[in-house]
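Notes to accompany the following structure.
The values are calculated or read from the model by the stated rules, or taken from the named source; none is laboratory data. If you're wondering where the values come from, they're calculated on a predicted model, not measured in any experiment. Because the Cβ atoms are built from the backbone with ideal geometry, glycine has one as well, and the counts that use them run over all protein chains shown.
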Amino acid sequence: MAGLASDGANPDVSLLYDINGLAKAAPPWFDRVMEFVGEYGIMLGMVLVVLWCWWSVRRSGTLADSVSAVAGLVWAPLAAGVALLVNIPIRGFVERPRPFNDHQGLEVLVAGKTDFSFVSDHATMAMALGVGLFVANRKFGLAAIGLALTEGFARVYMGVHYPTDVIGGFALGTAVALLLAPVALALLTPVVSAVARSRRGAPLVRSRKAAGPQQPETVGIPEPRLGGPATGTTQNDLAA
């Protein structure tokens, strides 16, 4: 804890030692679990939440709801990718070393990290996914944001990031996912609508077993028909 004493005036370093100190007190098996969770487990969980959300939105609400939600789901991983690209010049400009390079006595659970520390790629990607998913569906988005917060804690626990690295990642992921969402959704929604109009692609947007009215006219999407090409004809047109 000598590093904590020498850097006690810096709350970032103090919090780093406090959180990472939990790894020293924990049993080895728990540290191995946290290592897997922080490196791979949370991101795998995020993928499962996205897939679960996609499966859910295809089966509930109207066709318009499904198109809007699926467009948001497509944006979520794209937002994570854009955020990671934005982070490349940030890391190169700041050039902050990993905390274990400057501070003694840390319990580092993942060895071999040689790149820069600010901002955390894992925190950036996780929060961009979480906020992007929140744009598509609030319930699943809140669950994903909770996973993203857990990811940030795990990165500090593992001794590979400062708390401010994680906070910076959260801010970057949130900014990219929210600020670019209007433009992204304006471009993605017509594409998803076109997929919904096709016979082969329609199940990706709307389950054939979905309950409730399809209401294709609300989004200008003709209802796909298995027996022939999709048309804009509705039951009211046929009755007329």
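Points to keep in mind about this one:
- Of 120, 68, 60, all but one fail to be among the small types (Gly, Ala, Ser) and free of Cβ contacts under 8 Å to residues at least 60 places away in the same chain; the exception is 120.
- Residue that is surrounded by the fewest Cβ atoms within 10 Å (Cβ to Cβ), among those in region 111-145 that are within 30 Å of residue 51 (Cα to Cα) and of a type in the set (S, T, N, Q): 137
- At least 3 residues being surrounded by fewer than 17 Cβ atoms within 10 Å (Cβ to Cβ) is the threshold, and among the helices (runs of 4 or more DSSP H) wholly inside region 1-110 those reaching it are 2-6, 11-25, 28-36, 42-57, 63-94.
- When residues of region 96-129 are limited to those that are over 25 Å from the mean Cα position of the chain (by Cα) and charged (D, E, K, R), the one farthest from residue 40 (Cα to Cα): 102
- Only one entry in 152, 159, 169 is over 14 Å from the mean Cα position of the chain (by Cα) and more than 30 Å from residue 195 (Cβ to Cβ), namely 159.
Rundown of residues vs (1) under 23 Å from the mean Cα position of the chain (by Cα); (2) under 20 Å from residue 121 (Cα atoms); (3) among the hydrophobic types (A, V, I, L, M, F, W, C); (4) modelled with pLDDT of 90 or more, yes/no style:
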| site | (1), (2), (3), (4) |
| --- | --- |
| 6 | no, no, no, no |
| 35 | yes, yes, no, yes |
| 41 | yes, yes, no, yes |
| 49 | yes, yes, yes, yes |
| 58 | yes, no, no, no |
| 66 | yes, no, no, no |
| 71 | yes, no, yes, yes |
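- Residue 148, sole failed condition from (1) within 18 Å of residue 86 (Cβ to Cβ); (2) at pLDDT below 95; (3) of a type in the set (Gly, Ala, Ser): (2)
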